[in-house]
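Take a look at the structure below.
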Amino acid sequence: MNNKVPQHINDIVGDNVKKLAQLFPSAVKDGEVDFEALKEELGQFEEVGSEKYELTWAGKKNAKKIAQEDVIGRTLKFIPEDSKNADTTENLYIEGDNLEVLKLLRQNYYGVIKMIYIDPPYNTGNDFVYNDMFKVSANESNYEEGFIDENKSPLQRNIESSNRFHAKWLSMMYSRLILARDFLREDGVVFISIDENEVSNLKKICDEIFGEKNFVSQLTIVVKPEGRRYGFFAKQHEYLLVYSKNYDELQMNEIPAEGKSFQYFDERGGFNLIGLRNRNVQAFNSSNRPNLRYPFYVNTSCVDENGFFEVSIEQIDGYEEVFASTIDGLESVWRWGKEKAKNEIFDLVAYRGNDSQIRIFQKNRSSTQIPKTVWDSKGYISNKGTKEVQRLIGKGVFDFPKPVELIKKIIEIGTDEGDIVLDFFAGSATTGQACLELQNEKKGKRKFILIQYPEVVEQSENTKKLNINTIYDIGVRRLKAYIQELNESQYGFKSFKVENTNIKWNSLMDMGQVDMNQLEYTPDLVDFMPEANDVDIVYELMLRQRDVALSETLEQLSDIGSRTYLYASSYLVCLETKITEELVAKLAELDPLPIKFIFRDSAFKDDIALKDETFRRLKALIEKNAGTNNPTYTVEFI
């Protein structure tokens, strides 16, 4: 019996091989990929040439390798003083290298995120810091330009003069986007803010990671209407790249029409007009959509109170026949089929234009609209985001974050109530505030997960007064300040930081190096690191469970023991230093029964029989409780 809690959190390569085996069983033999068989499954019976269309750069292979490697010896430490209403919230705010954090969270949030929004550092030179330390050979690059901060941390800054200027940025993004895709639901979507420096390269790596068919749109956001000097032109805009996990499954929402007001009214209420003719005559015309080419009949002798003519789908004496216009020799078609037009004829009217042509219009009563590809609103101007931070925590703290209104619009399009929003370049936590504002406006409660690199901020009078040292600190102060304005206990977030492991995963007992006297006098030092506390140990164990949110409740079962905990009402973690038959009997009587029990190996001392009996008894109870379903979880030991 060796049911150990695994030290490793992810087996990304193994997971990919299992997926491949499901699709092509003949291509995976004894857990290894037979690449020749895989090629044959894909209809490739000859060697593919080395030349193919793709974006490549020095360090790309290493970036993919880094994405597949597990994170060892790291965990997430709960920070109660940085949290707000931690016992009731489902929101998370995490400080750490997002590459590490994504790997730490992958088991817990695999395939459950509806929307990812990120605003990564734009590659404008000397402006982003990361610690991936991508390596390239001398043949790949003439030299490597490095950077070490005052704490001698292994950081790099991307210098514009570097001959790997684009390569460093692409490697940084590539590994993170590979991981990010695993988090998305099948109907999930990712929005990425970017400017012209890397938009073309970013689109190519997104095409590779998400698939070209999953490209949704490239949006243009006007962030500075007056423009900023940029060579021979005044730059006004940035971009949003939008990709889906699976385009066929993607569902997104229409949005409230900005400045919506109805121009016309009838007995059923207000409406505006939308032309019924399909505007894309090149793609939709009588040659390829003949079923959409049919006549309407218009009563031009009678005008209603709005100046419109009555429309019929049936031919009536005295009514004028109207087809969709002919444009450049192509016969246009309608947006609606004839049956739909017949059923909804009450919402169709006609109008004679200045050119004497009669056109058919739909009465649009909706207060929403399909999002356009150019977003031009005062609410999206870049300096508005700065003012929002200043209002909550003061000046001189963080310049030019994305405006809350912009992120709210993205969230409304990409998610519904109850969905999870992930932002792993969180900055000043604008995404978190946007989710809270939507909830406060009664537009649905979304859960957010924010991840921010522990980047030191330049000190100002205000940062010193607020004890702000990193960008993460800015987000904590901002979210707390906004929640304080709301004065509601239903708003909050739970904070974590990446730290070294609390658990001695390489068991000294397994190596026969434990003095039994140590079990008696310093039992915690056998299993745990000095200064480790129970709460952090429980969270570290939960990082190794699939589909278990870190926002779940943690309860101490004081009637069973002083160090026995129940997480998410389902996972029993017993950190007692000694296991007895009486304690096991109490655990077996829990109702409902947890789906997994975790014990310390050392707590059984040398009583192998008790350990074996505990395993068998609880495992049998779990299997009985599970009925005909095979239990996924059982009894494990650390």
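The values are calculated or read from the model by the stated rules, or taken from the named source; none is laboratory data. As the structure is a prediction and not an experimental result, all values here were calculated from the model. As a convention, Cβ positions derive from the backbone with ideal geometry for all residues, glycine included, and neighbour counts pool all protein chains shown. Calculation scope for accessible area: heavy atoms of the full protein, side chains included, ligands and nucleic acids excluded. Shrake-Rupley method; radii C 1.70, N 1.55, O 1.52, S 1.80 Å.
Quick notes on this one:
- The range 1-109, accessible area per residue, ligands and nucleic acids excluded (1.4 Å, Å²): 57
- Under 16 Å from the Cα of Lys204 - aspartates and glutamates, other chains or at least 8 residues apart: Glu54, Asp195, Glu196, Glu212
- Normalised contact order of the chain, rounded percent, pairs of Cα under 8 Å and 6 or more residues apart: 17
- Tail beyond 17 Å, pair distance distribution of the range 20-117 (Cα, percent): 74
- Residue-normalised accessible area of the range 319-469, given per residue in Å² at a 1.4 Å probe: 48
- If you plug the beta carbon distance of Ser558 and Asn16 into 1/(1 + (r/R0)^6) with R0 = 41 Å, you get a FRET efficiency near 0.40.
- Positive minus negative residues near Arg185 (Lys, Arg vs Asp, Glu; Cβ under 10 Å): -2
- Per DSSP, loop trypsin sites (Lys or Arg not before Pro) in the range 386-426 with at most 14 further Cβ within 10 Å: Lys395
- Value of Rg to Rh for the range 412-463, rounded to two decimals, is 1.10; Kirkwood radius and Rg both from alpha-carbon coordinates.
- Angle in degrees between helix 404-414 and the longest Cα principal axis of the chain, rounded to the nearest 10: 90
- The GluC sites (Glu not before Pro) found in the range 448-478 that occupy coil by DSSP, while having at most 13 further C-beta atoms within 10 Å, are Glu458.
- Sites matching GluC sites (Glu not before Pro) across the range 528-565 that sit in DSSP coil, with at most 10 neighbouring C-beta atoms within 10 Å: Glu531
- Spin-label pair Glu314/Arg616, simplified geometry with 7 Å Cα→Cβ offset, distance in nm: 8.3
- Within the chain: Cβ-based charge dipole about Cα centre, in debye rounded to nearest 20 (Lys, Arg +1; Asp, Glu -1): 1360
- Computed from the Cβ-Cβ distance with R0 of 30 Å, the FRET efficiency linking Gln282 to Glu212 stands at 0.85.
- Label point 7 Å beyond Cα of Thr220 along Cβ direction - residues of the range 237-251 with amide nitrogen under 17 Å: 237-242
- Accessible surface of the range 261-418, 1.4 Å probe, proportion on carbon and sulfur as whole %: 47
- Surface composition of the range 543-638: carbon and sulfur atoms hold 45% of the protein heavy-atom accessible area at a 1.4 Å probe.
- The chain: proportion of alpha-carbon pairs further apart than 33 angstrom, %: 59
- Looking at the range 276-401, the pairs of alpha carbons with a distance over 17 Å make up 68% of the total.
- Per atom type, the range 53-116 shows carbon and sulfur on 49% of its accessible surface, probed at 1.4 Å.
- A straight line joining the Cα centroids of the range 317-332 and the range 224-276 runs 30 Å.
- Label point distance in nm, Asp87-Tyr294, each placed 7 Å from Cα along Cα→Cβ: 6.5
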